[in-house]
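The values are calculated or read from the model by the stated rules, or taken from the named source; none is laboratory data. Nothing here was measured: the structure is a model prediction, and the numbers come from that model. Here the Cβ is made from the backbone with ideal geometry for all residues, glycine too, and neighbour counts use every protein chain on show.
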Amino acid sequence: MKFFRIIVFAAACLAFLAARGATVCAQTTPVTDGHLNAINNSFKQNRIANGFAELDSYGRVQLKGGYEDDRQVDQAFSLAQQVVGVKWVSPVTPDNIKVKEWEKRIGGLFSRARVIRETGPESSVPGAVRNRYALVVGVGQFKYGIQSLQYTVRDASSFYSFIVNPQGAAFPRNNVYYLTDQTATRANIMKYLNTIKAQAGPDDLVVIYMSSHGTPPDKFGGVHIVTYDTEVKPRERVWQTAVTETMLKDFVESLKARRLVMILDTCYSNGAYRSIPGFLPPGGKSLGADDDEGYGISRDYGKRLLGSKDIVLDDEPKKKSSGKSIDSQDGYGKVLLSASSAGEKSWESDTLKNSVFTYYFVDGLKRYNGSVKDAFTYSKPLVSQRVKQEKGSDVSQTPQAMATSDNWNMRITK
């Protein structure tokens, strides 16, 4: 069987550490020789004959040696996380492969957006919106023991109600696919992504909204979207049965529509997996992490989705003085909105009875006539304030926006 080597992808590690706000070095690492021995023994027990773990220069566990295939890399990465948690395992990248499948998976999502901006007949601004299509997903119950979420279905319902409201967005109901709990399976989500991909034309608007748990960060640092039927045994199946970057990449690359808004209210948190034996390290969290350890969508993930060059980051949104959209419905491009940043959780609120981000984002859509950028600008500081108010002054949640066009203030109302 063909073997390949695994090395640490240094740039990915540095970006991953920076995104999490971590400052580590070998002298301060909580990873001991005992942890490494436990990981290497688990490799042997699971017939990973040519792979092993050692510390990198940042004091994190890195995979070394040879692995039979990509699934065995997932298995080894998962075994390491079971011992020390997600914080202390370095992202990896396969080396010495003639056709690097990992490059296909993470390098090209939203590549059509770059083509639109740089050259070709699609480089011009699209015309007025002709048709609107949406997929709305809220998952609060899970088939295989993942902890339930209280308000994700309510999140999805509030977003769905806004876009089909005849006085508001008025998406044709036949063009909106609404999946919650048992219907929000991986196969169904894939089915309706493909349906929208086949239906939407260049001047159409496509909106994707998903509220759920996230997976632990995978070997590339990506947090994927958990579906109703995402599996957890063996542990690495959580990545292989979620909505992955690959699925989104395939959808976006072949989408003809030049207006896409993707809203991900998802994150990884330890609490989602506490009831699953052996999923978390002893103590239920990464070494050196607190009980609120969580990971959202990182900028590296966003850059992979949007293409690494020429994306627009919304670091410091400016407050608007009026309730009217500046750019109206003439905005265009591909937009990724995430509820939190890399080292943060996306919190639910018992007071609001929604996730904090979705509550304020939908409120912003109502206030600003469905204008996406205006709604995000309105919601971002309110999310941060509410989370600190309810969860503690030392707790942060910072929504992120990434786009392929400066003029991304698309209006999803008619």
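Things to note:
- Taking the conditions (1) hydrophobic (A, V, I, L, M, F, W, C); (2) in a helix (DSSP H, G or I); (3) at pLDDT below 90 in turn, residue 99 satisfies each one other than (2).
- Inter-residue pairs, beta-carbon under 8 Å, first at positive phi and assigned by TED's automatic domain parsing to the domain that holds residue 346 and in region 144-155, second of a type in the set (Val, Ile, Thr) and buried (at least 18 other Cβ atoms within 10 Å of the Cβ), 6+ apart: 145/232
- A single member of 237, 299, 258 is in the same structural domain as residue 188 (by TED's automatic domain parsing), modelled with pLDDT of 95 or more and either under 25 Å from residue 142 (Cα atoms) or of a type outside the set (Val, Ile, Thr) (or both), and it is 237.
- Just one of the listed residues (413, 404, 351) is more than 22 Å from the chain's Cα centre (by Cα), modelled with pLDDT under 90 and of a type in the set (Ser, Thr, Tyr), namely 413.
- Filter pass, residue 375 being under 25 Å from residue 348 (Cβ atoms) and in a strand (DSSP E or B): no
- Members of region 184-206 found to be of a type in the set (A, V, I, L, M) and more than 20 Å from residue 242 (Cα to Cα), listed by number: 198, 200, 205, 206
- Residue match in region 161-169 (condition: touching a residue at least 24 places away in the same chain (Cβ under 8 Å) and outside any helix (DSSP H, G or I)): yes
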